[in-house]
Amino acid sequence: MVEVTPKDVKRLLGIELTNEEIAALLAHLEFNCVITGSGVKVTAPAHRMDIEEGVVGLADVLEEVARSYGFDRIPTTTMADALPPQVGNPVHEWEERLRDLLVAIGLQEVVTYRMTSPEREGRVVTHNEYVRIANPIAPERSVLRQSLLASVLEVAEKNAKAESIAMFEVGSIFEPVKNDLPNEPRRLGIVMTGARIAPAWDVKDSPAFDFYDMKGRIELLLAGLRFTDIVYAESESAYNMHPGKSAEVKVNGQVVGVFGELHPLAKEKYEFGDAP
């Protein structure tokens, strides 16, 4: 049973109806209506299983009132209720700014599966524990990823025939926590391979992307984010990067990322062809 009042009709539909008029409109649709001092108590017919009780039921019944009254007869009115306070989302806004900068420096965004398998990630990183999916869609999608690098490398592998690849992804990884929900830190992954400049009529033999192409784009990205006190140093944990062609990035003394050329032993596990 749902109680509908003329005040509800006025606030949500913008029309003025009496209790008797509300009851008459709903009676045409086989609703059982009982007029009380404050409104109309409405019971939906047995075949209307979609009508619920409570606040949701009130909206359902008012929809039936509007349908019976005639949508074309409802006048256009301005919103009477106060707008909710506008609250910003600094994290989302910062990520959108990051994406804009990455596109501006010549990278293309990709969105990959968050579901993977230990074997797929094991080609570039190794983890002992994963967040496992109870009902995976496929054996190769049985766990939640812990590496964004593995995800973007898979995309590069599938597009290895492309003459030039420069792409990025901003997404979550999932770190298992015993007896609790996983941590879901956000990460940025960038992959560049192939020719520095896509072949054209006037550019036939462009050199390949190298360490300094990646470093240059990182410098542009950090400048766009207005970071200062930036230091590039030899990487102590290079995540399968070439030991002589990799570095870590420090901002205000804190390591924020690692970049470089993929280690030859890790590269052998992917079918990149002749791509550098």
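Look at L148 and say whether it is within 22 Å of G216 (Cβ to Cβ) and crowded, with 16+ Cβ neighbours inside 10 Å. Write out each step before concluding.
On the way: within 22 Å of G216 (Cβ to Cβ): yes; crowded, with 16+ Cβ neighbours inside 10 Å: yes.
Yes: the conditions hold for L148.
Output yes when any residue across the range 57-72 is assigned to a loop (DSSP other than H, G, I, E, B) and either farther than 30 Å from S172 by Cα or of a type outside the set (D, E, K, R) (or both), and no when none is.
Narrowing the range 57-72 to residues assigned to a loop (DSSP other than H, G, I, E, B): 70.
This time we only want the ones that are either farther than 30 Å from S172 by Cα or of a type outside the set (D, E, K, R) (or both), so: 70.
There is at least one residue in the range 57-72 that is assigned to a loop (DSSP other than H, G, I, E, B) and either farther than 30 Å from S172 by Cα or of a type outside the set (D, E, K, R) (or both).
Which one of E52, E16, E30 is within 36 Å of the chain's Cα centre (by Cα) and not hydrophobic (A, V, I, L, M, F, W, C)?
Numbers: E16 fails: within 36 Å of the chain's Cα centre (by Cα); E30 fails: within 36 Å of the chain's Cα centre (by Cα).
After ruling out the rest, the residue left standing is E52.
Only one of R186, R132 is closer than 12 Å to M115 by Cα and of a type in the set (K, R). Can you tell me which?
Details: R186 fails: closer than 12 Å to M115 by Cα.
Residue meeting the stated conditions: R132.
From the list V110, V125, exactly one residue is under 30 Å from E157 (Cβ atoms), modelled with pLDDT of 95 or more and not aromatic (F, W, Y). Which is it?
Values: V125 fails: modelled with pLDDT of 95 or more.
Selected residue: V110, the only one of V110, V125 that is under 30 Å from E157 (Cβ atoms), modelled with pLDDT of 95 or more and not aromatic (F, W, Y).
Can you pull out the residues in the range 23-33 that are under 15 Å from M1 (Cα atoms), surrounded by 13 or more Cβ atoms within 10 Å (Cβ to Cβ) and not aromatic (F, W, Y)?
Pass one, the range 23-33, residues under 15 Å from M1 (Cα atoms): 23, 26-27, 30-33.
Still in the list and also surrounded by 13 or more Cβ atoms within 10 Å (Cβ to Cβ): 23, 26-27, 31-33.
Once the filter is applied, which keeps residues that are under 15 Å from M1 (Cα atoms), surrounded by 13 or more Cβ atoms within 10 Å (Cβ to Cβ) and not aromatic (F, W, Y), the range 23-33 yields A23, L26, A27, N32, C33.
If we scan the range 94-112, do we find a residue that is touching a Ser or Thr at 6+ places or on another chain (Cβ under 7 Å), closer than 30 Å to P136 by Cα and assigned by TED's automatic domain parsing to the domain that holds L221? Before the answer, list the steps.
Initially, the range 94-112 is screened for residues touching a Ser or Thr at 6+ places or on another chain (Cβ under 7 Å), giving 112.
From what's left, closer than 30 Å to P136 by Cα: 112.
Okay, now just the ones that are also assigned by TED's automatic domain parsing to the domain that holds L221, so 112.
Checking the range 94-112: at least one residue is touching a Ser or Thr at 6+ places or on another chain (Cβ under 7 Å), closer than 30 Å to P136 by Cα and assigned by TED's automatic domain parsing to the domain that holds L221.
Tally time: how many residues in the range 77-101 are touching a residue at least 60 places away in the same chain (Cβ under 8 Å), of a type outside the set (D, E, K, R) and not in a helix (DSSP H, G or I)?
2
The values are calculated or read from the model by the stated rules, or taken from the named source; none is laboratory data. A quick note: this is a predicted structure, and the numbers were derived from the prediction, not measured. Every residue, glycine among them, receives a Cβ derived from its backbone with ideal geometry; neighbour counts consider all protein chains shown.
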